[in-house]
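Worksheet for the structure shown next.
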Number of protein chains: 2
Amino acid sequence: MSIRIGIMGYGNLGRGVECAIRQNPDMELVAVFTRRDPADVMILTKTAAICRAEEAAQWKDKIDVLILCGGSATDLPKQTPEYAKLFNVVDSFDTHARIPEHFAAVDAAAKESGKIGIISVGWDPGLFSLNRMYANAILPEGKDYTFWGKGVSQGHSDAIRRIEGVKDGKQYTIPVESALEAVRNGENPELSTREKHTRECFVVLEEGADANKVEQEIKTMPNYFADYDTTVHFISEEELKANHSGIPHGGFVLRSGRTGWEKENSHLIEYRLKLDSNPEFTSSVIVAYARAAYRLAKEGQTGCKTVFDIAPAYLSAKDGAELRASML
Amino acid sequence: MSIRIGIMGYGNLGRGVECAIRQNPDMELVAVFTRRDPADVMILTKTAAICRAEEAAQWKDKIDVLILCGGSATDLPKQTPEYAKLFNVVDSFDTHARIPEHFAAVDAAAKESGKIGIISVGWDPGLFSLNRMYANAILPEGKDYTFWGKGVSQGHSDAIRRIEGVKDGKQYTIPVESALEAVRNGENPELSTREKHTRECFVVLEEGADANKVEQEIKTMPNYFADYDTTVHFISEEELKANHSGIPHGGFVLRSGRTGWEKENSHLIEYRLKLDSNPEFTSSVIVAYARAAYRLAKEGQTGCKTVFDIAPAYLSAKDGAELRASML
C-alpha cells in the first residue's frame, strides 16, 4: 500500500511536492488543500482531490502525511502545530531564529495527538544543516562557512519591486569565487558580509522612471543591499521574462578543520548544491522526509523531529539490506 | 562522566583515534590493546594503559566503546563479531562486497550480548555512503558518480613495491578534471575506468634495476594499472621521503538528477573531501560514531548498525536544543 500524501497550499512549493510524489512510486497524492476556491485551482494529478483548507479534518483517516507548503512568516507558525493535532506533518519552516519556539509548539501538539511533526525540511535549513552538523561532529576544531547562490533571492527581488519606478525585477545572490577558493585552500579567512557575496539585480523600469535614482535606492537599501557590492542592470520586460524567469539556487557548506596530536593536518569538507529550481528541489527533500514521518509514526514515535533526529535510512524507499549492499 | 574508549590495534588508524579522542572533551582513552609486546609500544596519551590484546576481556566493565583498528582483509571479519560479545564496538570494515556477511555476523553477536556494533565507519564506506544515500532518496531519478583522490592508494603502492627492482614507491589516484566538470555541468556522461581516474607513481629503484622494465611492469599490471593512464616517475629515496611521506586522500560524490512534471529541471548534489591525512580523518569519523554507539547502548538498543541507521544528532556532543539553535 502506498503512502497517502496531502498537500496544504498549492503555490510553487505545493506544485513541487506534487511533482516529487510522482517520482516516488511508494507514494500517492490523495488531496490538495487550498484557501482559494477549489474550482479555480488546477492541479496536475488527475487522481487527487482539490479541497478547501477548512475540509482538511475530514481527511484525517485518509492521509498518512500532510505536507504544509505555506510560508514561514505567518502560515507555518500557526498551521504546523494546528495540523499536527490531526496528521503527521512535514514543513519547511525556514526562519532560523524562530526554530526553537516553532519546535516547542509542534512538539507539544504532536505529542498530545500521538503524531509526528518534522519541521524545517529543505536545503537550508535541511541538507545544509545536516552537513554543518556532521562536519562539526567529525572535525570538532575548525571553521564553518556557508555561501549561497548563485541563485534568486525572493526577499531581495521583492524589495526591488517595492521601489517606486520599478515595474519588475529579479535579484541574484552570488558567492565571491575568491573567498570560496581561500576557504578551499585552508586559509580559514575571516570574511565580512561584503567579501562573501555580491548581489546582481535585473530591473524593468516603469515608463518615465529615473534609472539613476532607482539604482541609488537599490544600492543603499539597508539590510538588503547596503552591505554588499551590488550591480544593477536595466532590461526590458521581454528580456526579464526570457532570461530570468527561472528560480535557480544553491550554495556551499564548507568546514575546514585540523587533526593530529599537534593539529598538524588540515582537512576540508565541502557540500555543494546547484539547483535549477529551488522550490522543486526543496519539495524533493520534503517528500523524502514525508516517507520518514510515515515510518516513524508506524513505529509509534511521536512529537517534533528535525533532520538531526532522523536516521538516514528512513528517507529511502530501499530496505536496510538493499542499502547496505548497494550504497554502503 | 566521560565516555571510556579502548583502541584495539595501534597502527596509523589506532594512533589517529587516539588523536581524535583528545579533541573530544567528553571522551577519554583508557586502554590501547596490541598484539605486539606492550613494552615495545609507545603511545601519546599518558593516562591510558597499554595491554596485550588477550587481556581485553578483563576490561569488559571499564570500557564503554572498543574501537577496532585492524585491517579489513583478515582482522575485522574475526575481531568485530568476537569483541561485540563483550563490548560496544566500532570498526571501519571497508571491503564493500563483503559488508552484508560482516553485518550479519556482527549483528548476531551483538544481539546476543546486548551490545551495539557499528561497522564500516569512515569516509568510504561512511560519509560517502551517507551522501550517496541521501542524494538518492532526494533525487530518485538521476545518476551517481564517485571520484577518489587526489590521494595515496595503499593497495597500489604495495603492488608497486612488490615488483622486482623496486626499493620503495608511492601511488596517487587522481580524478580526471574534465570528467568531473562534465558531471558538474549536468552532462551525465558514461565514464569508463580510464576516463575517471589517472594513476601517478613515484618509484625508487634498487641499484642496477632496469627502469624501463619496471615501468612496463607497472603500466601493464592487470586490475591495478592496466585499465588506467599511468605515469611513472623515478626519484631518489630522499625525494620520496621529503615529498611523498604523507597519506593524503579525498574525493567527490556527485548525484545529478531531474525534477519537475516533465523532468524539466536539473540539479547537482556534490560532496567533497580534501584530506591531509586519510587515517586521521577516518579516525575522526569513527570517534564521532563511538559517541553514537555509547548513546544507543545507553538507550538499550542492540545489534549491528551502519551509518544509515544512526540519526545524525547521536554524533554530536551538543544536545538537541543546542543543535537546533546553532546549526539548523
The residue that is surrounded by the fewest Cβ atoms within 10 Å (Cβ to Cβ), considering only those in segment B:33-54 that are under 14 Å from residue B:79 (Cα atoms) and charged (D, E, K, R), is B:54
* Asked: Can we say residue B:253 is buried (at least 21 other Cβ atoms within 10 Å of the Cβ) and either within 25 Å of the chain's Cα centre (by Cα) or within 14 Å of another protein chain (Cβ to nearest Cβ) (or both)?
  -> yes
Note on residue B:325: of the conditions (1) within 7 Å of chain A (Cβ to nearest Cβ); (2) out of contact with any helix residue (DSSP H, G or I) (no Cβ under 8 Å at 6 or more places or on another chain); (3) in a helix (DSSP H, G or I), unmet is (2)
The correct count of residues that are of a type outside the set (A, V, I, L, M) and buried (at least 21 other Cβ atoms within 10 Å of the Cβ) in segment B:111-122 is 4
Of A:218, A:247, A:286, A:269, the only residue that is touching a Leu at 6+ places or on another chain (Cβ under 9 Å), over 29 Å from residue A:106 (Cβ atoms) and of a type outside the set (Ser, Thr, Tyr) is A:269
- Quick one: would you say residue B:179 is in contact with a Phe, Trp or Tyr (Cβ under 6 Å, 6 or more places away or on another chain) and either away from every other protein chain (no Cβ under 14 Å) or among the hydrophobic types (A, V, I, L, M, F, W, C) (or both)? no
Here the qualifying pairs (Cβ atoms under 9 Å; residues six or more apart or on different chains; first in segment B:81-99 and within 14 Å of chain A (Cβ to nearest Cβ); second basic (Lys, Arg) and buried (at least 17 other Cβ atoms within 10 Å of the Cβ)) come out as B:99/A:324
Exactly one of B:129, B:120 is facing chain A (nearest Cβ under 9 Å), on the phi > 0 side of the Ramachandran plot and of a type outside the set (A, V, I, L, M, F, W, C), and that one is B:120
From the option list A:108, A:137, single residue qualifying as more than 9 Å from chain B (Cβ to nearest Cβ) and either part of a helix (DSSP H, G or I) or surrounded by fewer than 21 Cβ atoms within 10 Å (Cβ to Cβ) (or both) is A:108
Among (1) in contact with a Lys or Arg (Cβ under 9 Å, 6 or more places away or on another chain); (2) farther than 23 Å from residue A:238 by Cβ; (3) modelled with pLDDT of 95 or more, residue A:188 falls short only on (3)
Practice task
Could you tell me whether any residue of segment B:7-19 is over 17 Å from residue B:282 (Cα atoms), away from every other protein chain (no Cβ under 14 Å) and in contact with a strand residue (DSSP E or B) (Cβ under 7 Å, 6 or more places away or on another chain)?
Solution key: no
- request: Assess whether residue B:56 counts as being among the small types (Gly, Ala, Ser), part of a helix (DSSP H, G or I) and touching a Gly at 6+ places or on another chain (Cβ under 8 Å).
  value: yes
Restricting segment A:217-242 to residues that are touching a residue at least 40 places away in the same chain (Cβ under 8 Å) and not in a loop (DSSP other than H, G, I, E, B), the one surrounded by the fewest Cβ atoms within 10 Å (Cβ to Cβ) turns out to be A:237
Note on segment A:194-216: residues aliphatic (A, V, I, L, M) and assigned to a strand (DSSP E or B) are A:203, A:204, A:205
Per the filter on segment B:29-47, residues out of contact with any Ser or Thr (no Cβ under 6 Å at 6 or more places or on another chain), not in a helix (DSSP H, G or I) and not polar (S, T, N, Q) are B:30, B:31, B:32, B:33, B:35, B:36, B:37, B:42, B:43, B:44, B:46
The residue that is nearest to residue A:18 (Cα to Cα), considering only those in segment A:52-70 that are touching a residue at least 40 places away in the same chain (Cβ under 8 Å) and of a type in the set (D, E, K, R), is A:64
Residue pairs within 9 Å by beta carbon, gap of at least six or interchain, first lying in segment B:259-279 and within 7 Å of chain A (Cβ to nearest Cβ), second in a loop (DSSP other than H, G, I, E, B) and among the basic types (Lys, Arg), listed first then second, are B:274/B:150
Requested in this report: Could you please let me know if residue B:184 is within 10 Å of chain A (Cβ to nearest Cβ) and over 19 Å from the mean Cα position of the chain (by Cα)?
Outcome: yes
| Test: residue B:319 is over 29 Å from residue A:281 (Cβ atoms), charged (D, E, K, R) and more than 8 Å from chain A (Cβ to nearest Cβ) | yes
Of A:168, A:144, the only residue that is modelled with pLDDT of 95 or more, over 14 Å from the mean Cα position of the chain (by Cα), assigned to a strand (DSSP E or B) and within 9 Å of chain B (Cβ to nearest Cβ) is A:144
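The values are calculated or read from the model by the stated rules, or taken from the named source; none is laboratory data. Predicted model only: the values in this text are computed from it and were never measured. Neighbour counts are summed over all protein chains in view; Cβ atoms, including those assigned to glycine, are modelled from backbone coordinates with ideal geometry.
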